[in-house]
Every structure is written in C-alpha cells, then in structure tokens.
Amino acid sequence: MASSTFIRRARLVPVRTPVASDAPVDIRIADGVVTEVAPRLQPGPDDLVVDADGRWAIPGLWDQHVHMSLWAQTRARIDVSAATCTADVTRIISDHVQALPRPWQGGALLGFGFRTATWPTQPTVAELDAVSGHHPVILSSGDVHTGWLNSKALALLGIPPRDTQVREAEWFDLQPAITQLSAASQDTDSLVRVAVEEAAAMGVVGIVDFEMAPGHREWPQRFDAGIDRLRVRPVTYATALDEVVAAGLWTGRQLTESTDLLTMGPLKIFSDGSLNTRTAHCCQPYADAHDLEYPRGQQIYDRAELTDLVSRGAAAGLHIALHAIGDAAVDQALSAFEATHARGSIEHAQLIRFEDITRMNALGIRASVQPAHLLDDREVTIKCWPDRTDRCFALRSMLDGGVQLVLGSDAPVSVLDPRLAMAAAVHRGRDGDDPWNPAESLTPAEALAASTDGQPTIRVGNRGDVVLLDEDPLQRTDTTAEAARTLRNLGVAATITAGRITHLAL
Ligand SMILES: [Zn+2]
C-alpha cells in the first residue's frame, strides 16, 4: 500500500455541514484525497504521522483573487501606502533617493500603495520630478488602476510628456514593461517562491491567480522549479484568449501532466475600473463628479462587445470572471451572462443594486468579493458615494439572496491573508472601529464557508487539504470585534495540501 498522511486526534470544525461529535478523530489522506475519518484509526508503517493533539481541522483556505507576481514584487517596492497627500509621497521618495548607495544611483525606483481619492489635490508629474534626481520613478496606486510616473519613467516607457497620472488600459498596457524593469533587479520567481511559502504558512491551500502575464505558461515552469505548494488556477485575459483557445485550455483542465494542483482558471474581463481611481462604473454620478473626466465612471466595453467576448470565452469552455465594481458595471455584467448563459463570477461586486442580487442568484453567478477592501475604502466611499454606502460590500444581502460568496484579497490591493478577509467580513471595521453597515456582516461560520472553495467539513472524499488551527475559529464571542480578532490571529499549526505538508509549526 502506498504511504499516506495520517493526522491524529483533530477536532473537526463544521464547514457548511454539521459535525456529529466534537471528540477528536483521526484523518487519513491517500493519493491526495481524504480516505478515512474516524476515531482511533491505525497509521500504516510508512505513513507520515502528524499529531494534531486536539487542534481544530478545517479543509484549507483559498484566496480567490490574487495577482501573484505583483504581490510578490510589491513587497520589494517602496511603500507609499501611508501617504495622505502628495507631499507625504514626495518626502518618502526624496528620502529614499538620498539614502541610496552610489551604485544604485540612476536606477528605476518602483513604489506601491498610494490612494489619492481623499487627497486635497491630485499629484502631478512635476512634483515627482522635483524629488527624484536621476531616477525613473514608477508608483502604482493601492488599487493598481493608476500609475504616477515621473518624466524619466514616462520617457523610458515611451509615453509622451504629460503632467497627469496614467490610468486604466493605458496603465495596464505598461505592466509587462514594468515587470521587466523590476525583474532586472529582482528575480520574480524567487519572490513568488517566498510568497507561496508564506501563503501556506497562513493556511492557504489554493489561489486563483489574476496576474496579467500569461499564467498558463508561467505556472507550469514554476511547478517544474518546485514552486508547487499551492493549488493554482491562473486566469487568462482577453489578450491571450486566442492562444488559450488554440491550446484547448478550458477552465478546470490540468495545465501539466505531472500534477492536478495546477488547472486552467477563468477568462478575466474588465467591465469597469475602480473606486479609488473613480472609474468604477455607476448608475449615478460620483459625489465629486465636477472634477472627473467620467462623472459616472468608465465603461470598458459596450454591450455588444462585452457579450461577444463573454460568448467567445464560454464557447471555448472557459468560465468568466467579470470584473465589476460599480453598480452599472454589475448590471452590464449580468446582462452579458444572461445573453450568453456563460458560467462564472462577478469579481468585486463592490456596489450593487439590490434587484441585481436576484438576477445573480437566478443565473448561478458567484460573487468573488474582497472584504478587506472595505477597511481601506470606507472613507473614500463616504466621500464619493455618500448616497449609496448601504449598497457597498452587501455580503449579507448577497448570501441571503442565494448568491454563492467566495472571498479573496486582490493582493497586493490588500494582503494575501484569508484570515484578514474573514475578519473584515465579520466585523466590517478595523480593530477598535465601529462596524460599517453591520447589517451586511457575515457570521464567522459563513465567512469560513466562503473561504474553502466549496469544500465542506473534512470527510471521506474531500480533497486531501487540511489545515490545523491552534484555536477554534468558530468559538463563541460576544461581539463581532472579538470574533474578528479571533479569526485574524488564528495560529496555523500545519497546512497539508493534497496530502503533502506545506507548512508545519507544531
Ligand atoms: Zn484584481
């Protein structure tokens, strides 16, 4: 008999389905699948034995929306996320430039994390030029939909001189060249290797990777190089659709012979922009629409174009991950799903009309949401969408309306940590803050159920994914703040993916 992984004395946490008894059980995983769950089993002679010692077992956490290369690289970039005005950023860049040793003088500087929607003035190229010396400087906004570049960087990337930021499609088109620039100093794959190990240490067993570079080509190489501790579903964008279709890569198809951990993800399509760049497409104008080029945000495709793209993907067997942040974008996305009968998800669904929840449920379209964004977007929502805050991050309404929720981070927009996503879904505020629109809170059990990629309480036939927690994630608490604190601080003693130990801190 082939060896298996044997987990001794774990307490099962109920996920969707109840648990018969809270007495510890033993769990056997063979050939990547849970094959036995019962008290007092015997390990085989060659089994790898993990003693849970009464710890709590869940089916393993997923982050359903990650930009993996960008997340990995971002942590090696200049952090400008704490800035509350232009001068804060220019001070950080100026200090950084002056502290650089001589051999680094003149190299491109990359930074990440600014959010201008609540700043008193919008930053200009000239302000960045004034502090950046000989360096090309490329700063990405925290929502990744805007770039703030200095003149040297604009020239380096072949953009005509200007004094404003670079947004949406024009900015996205620059990403491959920017990745090249950062790859010159940092090897992306070695950063990804570290990021994958860290994810496993947080109890993550799988991600959907929304990176813009063609993941169906990059990830098989990474798995060959041993970056293989997570289940990965890379998406494709429309730019690579023809190639993906020609290769016969439908959603769910294995991308390499050697492992079933790596499978093709959905086709990602943008229907609108983002809130912080104020390009999310809305039914009503933004409250600060007077200084906006697009007062209701930006629609990326007209109806016919979007429907055509969705049906091309669906015809090739691809699910569709349709990015829609504003309520008009959600409406348009649902119309495209209705017209094509495509399967898939709305990514973000940050602002939604309640009547569209009924349509989503009828279509069986998932909501792939990022609860931690509500921590960052609370102020900007109050400024830009004061008349519709009750329809933002409407997680409870979607769940009660029959819509399947799955949680993610959109890392690097928020950190890749499903514990943080669950905590934000439950408390809807930072520790110490009152919850924002608490009627839309999820319970810890609901947040956990939205974080396991549909896997129920550990039982025979489950994927061989088990995470051992030091605390009960569903323990009784008096307040949502306390429940969120428990979730955020969950200790992860072991992560096991398809029967393989990917993290151990026992
Ligand atoms: Zn994203």
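The values are calculated or read from the model by the stated rules, or taken from the named source; none is laboratory data. What you see is a predicted model, and the numbers here were worked out from it, not measured in a lab. Neighbour counts run over all protein chains shown; Cβ positions are idealised from the backbone, glycine included. When the accessible area is computed, the model is the full protein with side chains, heavy atoms only, and any ligands, DNA or RNA have been set aside. Shrake-Rupley method; radii C 1.70, N 1.55, O 1.52, S 1.80 Å.
Summary of computed values
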{"quantity": "Stokes-Einstein D in µm²/s, Kirkwood radius over Cα pairs - segment 1-100 at 25 °C with 0.890 mPa s viscosity", "calculated": "136 µm²/s"}
{"quantity": "Estimated [θ] at 222 nm from DSSP helical runs (n ≥ 4, -39500 (n - 2.57)) normalised by residues in the chain, nearest 500", "calculated": "-9500 deg cm²/dmol"}
{"quantity": "Dipole magnitude of segment 403-482, debye to nearest 20 (Cβ charges: Lys/Arg +1, Asp/Glu -1, about Cα centre)", "calculated": "300 debye"}
{"quantity": "Of VAL492, ALA372, SER81, farthest towards positive along the dipole that unit charges on Lys, Arg, Asp, Glu beta carbons give the chain", "calculated": "VAL492"}
{"quantity": "Sulfur and carbon atoms: percent of accessible area, the chain [1.4 Å]", "calculated": "51 percent"}
{"quantity": "Mean projected area (nm²) of the alpha-carbon convex hull when segment 119-218 is viewed from all directions", "calculated": "8.4 nm²"}
{"quantity": "Calculated log₁₀ intensity ratio I(q)/I(0) where the Debye formula runs over C-alpha points of segment 188-246, q = 0.15 Å⁻¹", "calculated": "-0.45"}
{"quantity": "Cα extents of the chain along the three principal axes, largest first (Å)", "calculated": "71, 56, 52"}
{"quantity": "Accessible surface, per residue, of segment 188-246 when the full set of protein chains is kept, probe 1.4 Å, Å²", "calculated": "36 Å²"}
{"quantity": "Positive minus negative residues near ASP410 (Lys, Arg vs Asp, Glu; Cβ under 10 Å)", "calculated": "-3"}
{"quantity": "Surface per residue (accessible, 1.4 Å probe) for segment 70-185, Å²", "calculated": "45 Å²"}
{"quantity": "Degrees separating the helix 188-201 axis from the principal Cα axis of the chain, which is the longest one", "calculated": "40 degrees"}
{"quantity": "Most to least packed among 399-411, 188-200 [average Cβ atoms within 10 Å]", "calculated": "399-411, 188-200"}
{"quantity": "0 to 90° range, to nearest 10: angle between helix 327-340 axis and the chain longest Cα axis", "calculated": "60 degrees"}
{"quantity": "Selection from VAL13, ALA481, SER441 lying farthest towards where the dipole of the chain points positive, charges on Cβ", "calculated": "VAL13"}
{"quantity": "Listed residues LEU249, GLY32, ALA394: farthest to the positive end of the dipole of the chain (Cβ charges)", "calculated": "GLY32"}
{"quantity": "Integer Hz, Karplus 6.51/-1.76/1.60 couplings in order for segment 355-368, x for Gly and Pro", "calculated": "5, 6, 5, 4, 5, 4, 4, 4, 7, x, 8, 6, 9, 9"}
{"quantity": "Protection proxy ranking of 351-359, 303-311 - average other beta-carbon atoms within 10 Å, highest first", "calculated": "351-359, 303-311"}
{"quantity": "Nearest-ten-degree value, helix 303-315 long axis tilted from longest Cα axis of the chain", "calculated": "30 degrees"}
{"quantity": "Dipole moment magnitude, nearest 20 debye, the chain about Cα centre, only Lys, Arg, Asp, Glu C-beta charged", "calculated": "540 debye"}
{"quantity": "Peptides 215-221, 56-62 ordered by average Cβ neighbours within 10 Å, highest first", "calculated": "56-62, 215-221"}
{"quantity": "Test item: Cα-centred dipole of segment 138-286, Lys/Arg +1 and Asp/Glu -1 on Cβ, debye", "calculated": "240 debye"}
{"quantity": "Spin-label pair SER335/CYS283, simplified geometry with 7 Å Cα→Cβ offset, distance in nm", "calculated": "1.3 nm"}
{"quantity": "Cα gyration tensor shape of segment 70-185, rounded if a/c is under 1.5, else prolate or oblate by comparing a/b with b/c", "calculated": "rounded"}
